[in-house]
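Note sheet for the following structure.
We did not get these values from a lab; they are worked out from the coordinates using the rules stated. Keep in mind that what you see is a predicted model, and the values were worked out from it rather than measured. Note: ideal-geometry Cβ built from the backbone for every residue, glycine included; neighbour counts use all protein chains shown.
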Amino acid sequence: MKKVFRFFRSMTFGMILLIIVMLLSLAGSLIPQQDSTMRYVRAYGTQTAQIMTAAGVTDIFHTWYFYALEILLCLNLTLCSIVRFPKTRRAGREWLARAEAAEADRPLTAEQREKLLAWLTARHYRAREDADGKTFSRNTAGFYGSFLTHLSILLILLFGSLVLMTPSVQDLTVMPGGTLTLEDGTTVTCESFHIQDDTGKLDYASVLLAGSADGRHQKRQEIRVNEPLRFGEYKIYQQTYGTAGRVGITNHTNGAEEILFLTDPCFLSIDGQNGVYFDALYPGFIQDAEGNYTLMTSTSGSYEHPVYAVRSIADGMSTSVLAFPDEEIRLGDISFTFLAPAEYPGLRIKRVSSWLFGGLYFSFGLMVAALYLCFFAVPVYVRVRENGCAVLSPKNQQGLLLELEALMHEKEDET
Amino acid sequence: MNLLFFAALIGYFAAAVLQFAGSSMKKEGLRKTARVLLAVSFGLHTAFSVWRGIEARRVPLANQFEFASGFAWATVIIGFVLYRRLKQEWVMTAAMPMAFLILSYAAFQPMEIKDIMPALRSTWFVLHIGSAAFSYAAFAIAGGLGVSYLAQLKKGRSEDDVKMKQMDYMGYRLICLGFLLLTVVIFSGAIWAEQAWSSWWSWDPKETWALITWIFYAVYLHQRMRLKWQGRRMAWLAIIALILVIFTFAGVNLLLPGLHSYAV
């Protein structure tokens, strides 16, 4: 049992896990993930595609064995951190005692000794004096570097998984002027939306007004990519956009008027028989010399010359027509006026605890600081006695030794 | 103004050749000329980057050309800082060819200045991409030192030689620096991705390869710190890791489309 425990907390086991994660990630990056089955069949053949799907390599990062690896890595880091912590706490005192007891292994002349003392003081080494000499120490916080690094990885895995798994995410569209009501009563009104800024540069931005269910809190913000709106536990992103047709319908009998947005094909009718069937909205067209139209199917910006493809249906007769903005189709007492299209945003509304994000970002910061302690704050002790000095450190101190050597050479050159 | 770029490229090439010749023939004069030439070329390279930044009205790190140019620039800076600190020729012998090779790669990329896409307009841009340039530069010099180390071994130099130990140690320190910066790259990228795309991690090929590289260097560091691996094995690992870095930097953009495809 002890052996198993020792293996689970060992660096060897940690390394094995990391290498497996690395290899699986490599496979996951080379094999297209979460694609349709047909694409795998076409690319690899039926049998191979079946084996790949069964083994989970088509969605490797969500397989049970990938999660198991993460859990084992957490276990390894936890055990290794628990076991290491008391040792880490004692390390400072133990190394100081070891340094104070250390015999000088580098002989120094009186002049060299003075120079070394000055050099250590100039580099802000902490000094402790006793009857036999002085002990200088630096970067003792570095003893915690490795422990904190492992702890931060553990926290990142924990908070990262929670942040990825817990949020409720909804992708919704809202027309300018429209309001969305979320599950807890929070409202999101889209006041305006544009896909190009004043200079014509692409800039997908919506002005949103979010309000709490009780109406006590409100927040207005222009959102765009990189600038989501935070409101309570909600985060609202400018995710995508679309262009909808608009038609004004007037009933001349009673004077009723209404404006409708057209996103999907639909039949606009009062009696269910006569009316206008909306097929599609095109961003532009080219008209040749003979007056024939070629319709454009895509554009990256606003629709410059929009055109509606519609069918007018009356008395069982269907006539296909192209309707341009401000053009009217009148069928009996009903008139349909096609208006300039409206651009609308697609919003991603995410609800997640800000505590989890706080925890994740804290772990990121902790890890960067811990790695700095690990690499650049290496604890070092220099014991200076009457006859010489000794350098002690739990890690390789080749850099310091090289510097000291250079200091010695400097002295030789000077003498 | 592109003339400045090509002048810098030729300057880096000439400096690398002179440095190599100076090191092989042990002629300090040649090496000194190489350093002066590198400094002048670096000045031209800096002037080109500043001009491009002014022209584009942003930090010039937004596409493959600009990033490669920044990567080469960071390599020269790290090379100079190390040389100034250590006064060891082998630093320059490793850094100069790396700077030239990276800038040569940039020369083959489309150079026209384009508008930055909306997703890149973020306060995280400079931290994320700037750290990547310096991280890759540190790894590149470490890989270059690995090559120099193996070449010296082949020439018959002992692993116990002081210079070899220094080279080995400096390679390790550069990897520590690169690893810390790569961690910053991954974290700043995660925070940025959450702001832009609503998810801090999406297993996008660039993210995945950054993680693969990070894990490889983590293994390197553990082998070094705990198992006390040194010398030849570490030199080989630094070279293999550099291949991963190069794939993450260039290969992913060319071969594996994903959320970072705009970086082409």
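Placing dummy labels 7 Å off each Cα toward the beta-carbon, the span from residue A:302 to residue B:46 is 4.5 nm.
Looking at chain B, which longest stretch skips every one of the trypsin sites (Lys or Arg not before Pro) that is in a DSSP loop with at most 14 other Cβ atoms within 10 Å, leaving the sites themselves out?
Maximal segment without exposed cleavage sites: B:158-225.
Comparing B:170, B:111, B:234 in a Gaussian network model of chain B (Cα springs below 10 Å), the most mobile by mean-square fluctuation is B:111. Compactness of region A:246-340, taken as the C-alpha radius of gyration over 2.2 N^0.38 Å, stands at 1.12. For region A:211-253 versus region B:127-147, the spacing of their alpha-carbon centroids is 44 Å. Averaging the Cα positions of each part gives two centres, and for region A:157-196 and region B:157-211 these lie 34 Å apart. Among the GluC sites (Glu not before Pro) in region B:50-144, those placed in a DSSP loop whose Cβ has at most 15 other Cβ atoms within 10 Å are B:112.
Each label point is 7 Å from the Cα along the Cα-to-Cβ direction; what then is the distance between the points at residue B:233 and residue A:213, in nm? Taking the two extended label points, one gets 6.1 nm.
Which loop GluC sites (Glu not before Pro) in region A:167-223, with loop taken from DSSP, have no more than 12 other Cβ atoms within 10 angstrom of their Cβ? Sparse-neighbourhood loop GluC sites (Glu not before Pro): A:183. Treating each Cα of chain B as one equal point scatterer and applying the Debye formula with no solvent, the log10 of I(q)/I(0) at q = 0.07, 0.14 Å⁻¹ comes out as -0.24, -0.96.
Taking label points 7 Å from Cα along the Cα-to-Cβ direction, residue A:6 and residue A:78 give a separation of 2.3 nm. Between residue A:181 and residue A:253, residue separation times 0.36 nm minus the direct Cα-Cα distance comes to 22.4 nm. Inter-part distance, region A:9-76 to region A:80-132, computed on C-alpha centroids, equals 48 Å. Relative to the longest principal axis of the Cα atoms of chain B, the long axis of helix B:89-107 makes an angle of roughly 30 degrees.
Remark: chain B carries a charge dipole of roughly 1040 debye about the Cα centre, counting +1 on each Lys and Arg Cβ and -1 on each Asp and Glu Cβ. Note on region A:246-340: with charges restricted to the Cβ of Lys and Arg (+1) and Asp and Glu (-1), its dipole about the Cα centre is near 120 debye. Which residue, B:15, B:133, B:193, tops the fluctuation ranking in a GNM of chain B built on C-alpha contacts under 10 Å? The residue with the greatest mean-square fluctuation here is B:193. Restricting the calculation to alpha carbons of region B:126-264 gives Rg and Dmax of 16.3, 56 angstrom. Put simply, the Cα atoms of the protein assembly as shown extend 113, 63, 57 Å along their principal axes, the longest span coming first.
Between helix B:2-25 and chain B there is an angle of about 20 degrees, using the helix long axis and the longest principal axis of the Cα atoms.
For region A:49-137, the equivalent ellipsoid derived from the Cα gyration tensor has semi-axes of 55, 17, 10 Å, listed largest first.
In region A:246-340, a dipole from Cβ-located charges (positive for Lys and Arg, negative for Asp and Glu) runs towards its positive end, and of A:335, A:299, A:317 it is A:299 whose Cα lies farthest in that direction. Listed by Cβ neighbour count within 10 Å, with the fewest neighbours leading, A:128, A:216 appear as A:216, A:128. Scalar couplings 3J(HN,Hα) for region A:184-194, obtained by applying the Karplus form with A = 6.51, B = -1.76, C = 1.60 to θ = phi - 60°, are 9, x, 4, 10, 10, 9, 8, 7, 6, 8, 9 Hz; x denotes Gly and Pro. Considering only A:189, A:199, B:67, and ranking their Cα positions along the charge dipole of the protein assembly as shown that arises from unit charges at the beta-carbon of Lys, Arg, Asp and Glu, the one farthest toward the positive end is B:67. What residue among A:359, A:200, A:14 shows peak mean-square fluctuation when chain A is described by a Gaussian network model with Cα springs under 10 Å? Answer for the Gaussian network model of chain A: A:200. Rounded to the nearest 10 degrees, the angle from helix B:124-154 to the longest Cα principal axis of chain B is 20 degrees. Estimated at 0.36 nm per residue, the fully extended path between residue B:162 and residue B:117 surpasses their Cα-Cα distance by 11.1 nm. Separation of the alpha carbons by more than 31 angstrom is noted, of A:115/B:154; A:3/B:165; B:155/B:228, for A:115/B:154; A:3/B:165. Summing Cβ point charges (Lys, Arg +1; Asp, Glu -1) relative to the Cα centre of the protein assembly as shown gives a dipole of roughly 4560 debye.
Qualifying GluC sites (Glu not before Pro) in region A:258-344, where qualification requires a DSSP coil assignment and no more than 12 other C-beta atoms within 10 Å, comprise A:290, A:304.
Positive-end ranking of A:117, A:33, A:104 along the dipole of region A:9-164, with charges on Cβ about the Cα centre, is headed by A:117.
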